[in-house]
Every structure is written in structure tokens, then in C-alpha cells.
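The values are calculated or read from the model by the stated rules, or taken from the named source; none is laboratory data. The structure presented is a predicted model; accordingly, all values stated were derived computationally and were not measured. Counting neighbours? That spans all protein chains shown, and the Cβs are built from the backbone with ideal geometry, glycine included.
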């Protein structure tokens, strides 16, 4: 591909130039963009044609490529290195215990802190140290939409805040978020991401077990952990009538148990089940929206 080199920050403006071959995509490496040049115009360099990546699915978190589930073979790792030019390649087998610690193996490069941007939000993290669930992207947008659509400023409990997956978009949408996280490494990134996104006025962050940190009353609670049902009884006494709890789980928890627990504190509950993404063959990561009356 015939190309000219420009600074990445100038890419948007450059794409309108007469010499740009609009039928091809620019190639980005670090802070430099290689912009394809039309025939008849001068070019600075010639790039080898890139072969499309044809391996298994992966995620880019910042400039680190991450594989989940089955460990990729050497050909797949080499393919993603050639295709995306990542800083590192990780295989994450699973996330373990209440702190959601990644079982990570480095297949290429050296993992480090990256800045991942998504839907107008910025997240700083090292994916070899803490969890980042990109599959929850639509759910994050949904939470932001909920809090921005109500009158007034909702007070929200984010009981498993992690690095700010839900805290950041909800606070940017105008909610007052009480963000709780037990993992000290994740909590450190949470504090960084609050500053990074300019939302300090909208977030109170506390490190520790959310069951010990809940205080006052909340309009909404996000329980983004697969063991959340075991703590459902802890949040109920802190919920306002008309409030909503977003309960994450696998395949949906027992509705009768949810209704019974809510009833112990004088609430009735309307439950709506939403599928977020496939968890494993035949199983789904779900969210139950529990409206309390």
C-alpha cells in the first residue's frame, strides 16, 4: 500500500484531503498513521499488504490483545501479532474468587497499564491484574441511559465496582454513585478512572466489603457479580420504594427467592430478565431488573 505518514492526532482532518485513497483504511502504529494514497499522487512509503486475521475471537483492551477460554495455538498468536501489532498478548483462562482475579498467561510481550476507551469513557488498567469485561458494553450503556432518563439525581450503589465499569458511565450520565470494591488493585484503578473521567463530584469510592459499606438509601443498585444473589438481602433494607436492583447472574436466579426476600422487608417485586452474553455452551450471563414497590 502506498502511504503517507502523519501524526495520529491529525488523522481526522487529513482524511478529507484530495490525495487520500478513501477505498482503503489507514494503518495506525503508535502515534503515527499511515494514510493510503491515490494513484497519481506522491507517497512517502510503501507498506506490505496486510493479510486479514482469520484466527479465533479476541479482544483488544487498549493495545493488549486478550484471548479467553481455550488457549490459542502458536499460529493464532502469531496471526494476532501480525494483524494488530499489540504490545502484549494474554490468555485469560478464568476469573477467580470474590475479587475476580484473572488467571492470566502472557503469550507475547509484557503486560502493563493501558488506557482503554469505550463509549466516551476512559478506563486505565492492566488486564493481567484485574478483570475488564468488554462483553458488558451494552449493559454499561443501558445503565447510563437509565440514570440520565430520570428526573433529579439518582443515588446509586455500585456494589462490585471493579475499576469503574458501571460507575464511570453512570456518573458521567449524572448519577451520584457510591462505588464499593474489595480488591485493592481494582480499587486503585477505580480511583484513577474517577480522576481520568472528571467525575469526582459524582462518586464516593470506598474500599472494602460492600456488605459493610452500604449506608443510607439508594434509588438504584448494580450488583455486577455472579455471586450477587447471596448478598441480595444486604441491599434490600437500603433501597427506596420504586427503586431498581440490577442483579447479575448465570441463567437468572430463582424468582421466588428474590420475591420472598423482598417481601421480608415489605416490598413487592417485578422482575424482568435480560440476556447479556453467552457464558458457556447453553448458558447465559443474565441481568434481572428487580423493581421494588
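Could we say that residue 285 is touching a strand residue (DSSP E or B) at 6+ places or on another chain (Cβ under 8 Å), farther than 28 Å from residue 151 by Cα, buried (at least 19 other Cβ atoms within 10 Å of the Cβ) and in the same structural domain as residue 177 (by TED's automatic domain parsing) here? Taking the combined requirement at face value, the residue satisfies it.
For the stretch 237-255, the set of residues classified as at pLDDT below 95 and out of contact with any strand residue (DSSP E or B) (no Cβ under 8 Å at 6 or more places or on another chain) consists of 254 only. Reported count of residues in the stretch 206-218, each being more than 12 Å from residue 157 (Cβ to Cβ) and buried (at least 17 other Cβ atoms within 10 Å of the Cβ), is 1.
Tallying residues that are surrounded by 18 or more Cβ atoms within 10 Å (Cβ to Cβ) and within 18 Å of the chain's Cα centre (by Cα) within the stretch 193-202 yields 4. With respect to the stated conditions, residue 155 fails to be outside the structural domain of residue 182 (by TED's automatic domain parsing) and at pLDDT 95 or above. Quick check on residue 124: is it under 18 Å from the mean Cα position of the chain (by Cα) and at pLDDT below 95? For residue 124, the condition - under 18 Å from the mean Cα position of the chain (by Cα) and at pLDDT below 95 - is not met. Selection of strands (runs of 3 or more DSSP E) fully inside the stretch 28-135 by the criterion of at least 3 residues being touching a residue at least 60 places away in the same chain (Cβ under 8 Å) and in contact with a strand residue (DSSP E or B) (Cβ under 9 Å, 6 or more places away or on another chain) returns 121-125.
Just the residues that are under 19 Å from the mean Cα position of the chain (by Cα) and within 25 Å of residue 33 (Cα to Cα), please, taken from the stretch 58-85. Selection gives 58, 59, 60, 61, 62, 63, 64, 65, 66. Scanning the stretch 243-250 turns up no residue that is within 18 Å of residue 158 (Cβ to Cβ), free of Cβ contacts under 8 Å to residues at least 12 places away in the same chain and in the same structural domain as residue 164 (by TED's automatic domain parsing). Among the residues of the stretch 148-169, those that are in contact (Cβ under 8 Å) with a residue 24 or more places away in the chain, in a helix (DSSP H, G or I) and farther than 21 Å from residue 232 by Cα comprise 148, 168, 169. Tallying residues that are more than 29 Å from the chain's Cα centre (by Cα) and either outside the structural domain of residue 244 (by TED's automatic domain parsing) or crowded, with 16+ Cβ neighbours inside 10 Å (or both) within the stretch 260-282 yields 3. Inspect all residues belonging to the stretch 5-25 and state whether any of them is over 18 Å from residue 128 (Cα atoms), part of a loop (DSSP other than H, G, I, E, B) and in contact with a helix residue (DSSP H, G or I) (Cβ under 7 Å, 6 or more places away or on another chain). No, every residue in the stretch 5-25 fails to be over 18 Å from residue 128 (Cα atoms), part of a loop (DSSP other than H, G, I, E, B) and in contact with a helix residue (DSSP H, G or I) (Cβ under 7 Å, 6 or more places away or on another chain).
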